[in-house]
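Undergrad: Quick one: the structure is below, and I'll ask about it shortly.
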Amino acid sequence: MNPRSWPKELLIGLRLTVAFAVMVIVYTFVVTGISQAAFNGNANGSLLTVNGKVVGSTMIGQSCPQEKLASDGSLKITIDPKYFQGRLSYTTNPNTGALEPCNAANSVGSNLGPSNPLLLETTKAAVAAYVAAGVSAPIPIDLVTSDFTGFDPNISEEAALAQVNMVASARGLNPDKVHALVESNVQGRILWVFGEPVVNVLQLNLALDAQQSSLAG
């Protein structure tokens, strides 16, 4: 390269750098503006509020069964029968490594293969927990297995309906009314074609708390 052409080449490079920088900045603001205007809730984390206080996100599950080791060394799973439960979660505390279900700061699945004895033990423990809480067998598969994130916010319609009697009994509510509440919270297929109908567990539980008095009797 001719040394005399260096200033010209540098100027061209500088102009291209500035042009691309402007394009990136403008693109970022345009996309952000469109998302805020057209998809404000999604762009801001799909947050849910109650009485002005943020209580969670529709994208992050909260009601996860709790897994722990019993005194005899066996695996035990406990659930809160007063609330609809989401899927099993294997997320951990990123600082201590201790099991911390539905920890959105540390997305992780179980990574257990179908031949792993621990997977079978966990599944049996989950089945036993639901049966003990009043859920009739067979237990829907998504209630006794985890997803790859560790905090799936949704369960199948079948899994939600399977818990109706458990929740109604624990709260002293009318099972038919609780059943109707679940049905009113079923979200259909994406664009009426993709996926399967699901129920967002957090939204269902918030509706359950809000309509507690009207679901009795």
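Just so it is clear, none of the values below were taken in a lab; they were calculated from the coordinates. Quick caveat: nothing in here was measured; it's all calculated off a predicted structure. Neighbour counts are summed over all protein chains in view; Cβ atoms, including those assigned to glycine, are modelled from backbone coordinates with ideal geometry.
Undergrad: Rounded to whole Å and sorted largest first, list the principal axis extents of the Cα atoms in region 114-217.
TA: If we take the Cα atoms of region 114-217, the spans are 47, 38, 20 Å.
Undergrad: In addition: Would you mind putting 102-110, 25-33 in packing order, based on average other-beta-carbon counts within 10 Å, highest first?
TA: 102-110, 25-33
Undergrad: Give the total of Lys-Lys pairs in the chain with Cα-Cα distances below 19 Å; include a pair only if its members are 8 or more places apart or on different chains. It would help to have the intermediate numbers written out before the result.
TA: Numbers: Lys68/Lys76; Lys68/Lys124; Lys76/Lys124; Lys82/Lys177.
Counting lysine pairs in the chain gives 4.
Undergrad: Still on this model: Per residue of the chain, what 222 nm ellipticity follows from adding -39500 (n - 2.57) for every DSSP H run with n ≥ 4, rounded to the nearest 500?
TA: Working: 7 runs with 87 residues, N = 217.
Dividing the helical sum by the residues of the chain leaves -12500 deg cm²/dmol.
Undergrad: Also, I was wondering about something else. Of the trypsin sites (Lys or Arg not before Pro) in region 118-217, which ones lie in a loop per DSSP and count no more than 11 other C-beta atoms within 10 Å?
TA: Sparse-neighbourhood loop trypsin sites (Lys or Arg not before Pro): Arg189.
Undergrad: Right, something else. Can you list residues whose amide H is under 5 Å from Phe84's amide H, if they're 5+ apart or on another chain and H is modeled 1.01 Å from N?
TA: Those qualifying (amide H under 5 Å, at least 5 residues apart or on another chain) number zero.
Undergrad: Report the convex hull volume per residue for the chain, counting only C-alpha atoms, in Å³. All intermediate terms of the calculation are to be shown ahead of the outcome.
TA: Values: hull volume 51.3 nm³, N = 217.
In the chain, the Cα convex hull volume per residue is 237 Å³.
Undergrad: Next question. Amide H neighbours of Leu112 under 5 Å, counting only residues 5+ apart in sequence or on other chains, H built in-plane at 1.01 Å?
TA: It is none; the list stays empty.
Undergrad: Could you give the length gained on full extension between Gln212 and Glu196, defined as 0.36 nm per residue of separation minus the Cα-Cα distance, in nm?
TA: So the extension gain works out to 3.0 nm.
Undergrad: Give me the number: length gained by fully extending Val50 to Ala180, i.e. 0.36 nm times residue separation minus the C-alpha to C-alpha distance, one decimal in nm.
TA: On the way: separation 130, 0.36 × 130 = 46.80 nm, distance 2.22 nm.
Value of the extension gain: 44.6 nm.
Undergrad: Roughly speaking, what is the centre-to-centre gap between region 92-112 and region 145-197 when only Cα atoms are used, to the nearest Å?
TA: Here the two parts' Cα centres lie 24 Å apart.
Undergrad: How high is the relative contact order of region 68-217, in percent, with contacts defined as C-alpha pairs under 8 Å that are six or more residues apart? Display every interim value, and only then the final one.
TA: Details: 223 pairs, mean separation 35.7, N = 150.
Reported as a whole number, the value is 24 percent.
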